[in-house]
Amino acid sequence: GIVPQDTVLFNDTILYNIRYGRVDASDAEVQDAARLAQLDGLIARLPDGMATMVGERGLKLSGGEKQRVAIARALLKQPKIMVFDEATSALDTHTEREIQAALARAAEGCTTLVIAHRLSTVVDADEIIVLDQGRIAERGRHHALLQAGGLYAALWHKQQEARAAENEDSVGVLSAAGD
């Protein structure tokens, strides 16, 4: 199962686009995959629910919603190997964490390859491979790579600083709006 960063959807319903992962899946299995991909809230808000048309290439859905449809499709397929290529890049951090927890459960007994620039996506990986200029620069688990103090650690600290700055900006905007 492959979930690319730029998901291609068919000009059909959400149900059809998820079921494309396994055409013989029952409605209950499709709904379970949608729930694991954090789509159930969106589907409940839509007037036509799973029968909602997504438009040409998923035009009527946001980038994160399209990614979640693709994740549901891959989960429904239940493949032996799953590849996520920046598959959660359009998601907010909270939704990404919830989907990662669901993916961890769904990926048991499955080989999973995650390609990501957002390092929080790979923190729990059995092995992280850091590429630099197309070559393996480092490999190991999250904590070992942080302790090594190399490229991964530098990227991690840079991303954590950027995240902290974003949180400060959000708090500043909220407090300024409340004044």
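The values are calculated or read from the model by the stated rules, or taken from the named source; none is laboratory data. None of these values were measured; they are calculated from a predicted model. What goes into the accessible areas is simple: the full protein's heavy atoms, side chains included, and nothing from ligands, DNA or RNA. Shrake-Rupley method; radii C 1.70, N 1.55, O 1.52, S 1.80 Å.
Taking the solvent-accessible surface of protein heavy atoms with a 1.4 Å probe, what is the per residue accessible area of region 1-61 in Å²?
On a per-residue basis, region 1-61 sits at 56 Å².
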Original post:
Is the shape of the chain rounded, prolate or oblate, going by the alpha carbon gyration tensor and its root eigenvalues a ≥ b ≥ c, with a/c under 1.5 for rounded and a/b larger than b/c for prolate?
Top reply: oblate
Original post:
What angle, in degrees between 0 and 90 and rounded to the nearest 10, separates the Cα long axis of helix 93-106 from the longest principal axis of the Cα atoms of the chain?
Top reply: 70
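Indicate, rounded to the nearest 5 percent, the antiparallel portion of the DSSP beta bridges found entirely in the chain.
45
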Original post:
With all protein chains present, how much of the accessible area of the chain (probe radius 1.4 Å) comes from carbon and sulfur, to the nearest whole percent?
Top reply: 53
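Using the Kirkwood radius over C-alpha pairs as Rh, can you work out the diffusion coefficient of region 11-87 via Stokes-Einstein at 20 °C, viscosity 1.002 mPa s, in µm² per second?
Details: Rh = 12.3 Å.
Diffusion coefficient, whole number: 175 µm²/s.
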Original post:
Can you list the residues, at least 5 places off or on another chain, whose amide H is less than 5 Å from the amide H of ASP12, using H built in the peptide plane?
Top reply: VAL54, GLY55
Original post:
So what is the calculated 222 nm ellipticity per residue for the chain, using -39500 (n - 2.57) for each DSSP H run with n of 4 or more, over all residues, to the nearest 500 deg cm²/dmol?
Top reply: -15000 deg cm²/dmol
Subject >> Degrees, to the nearest 10: 151-178 long Cα axis against longest axis of the chain >> reply: 70
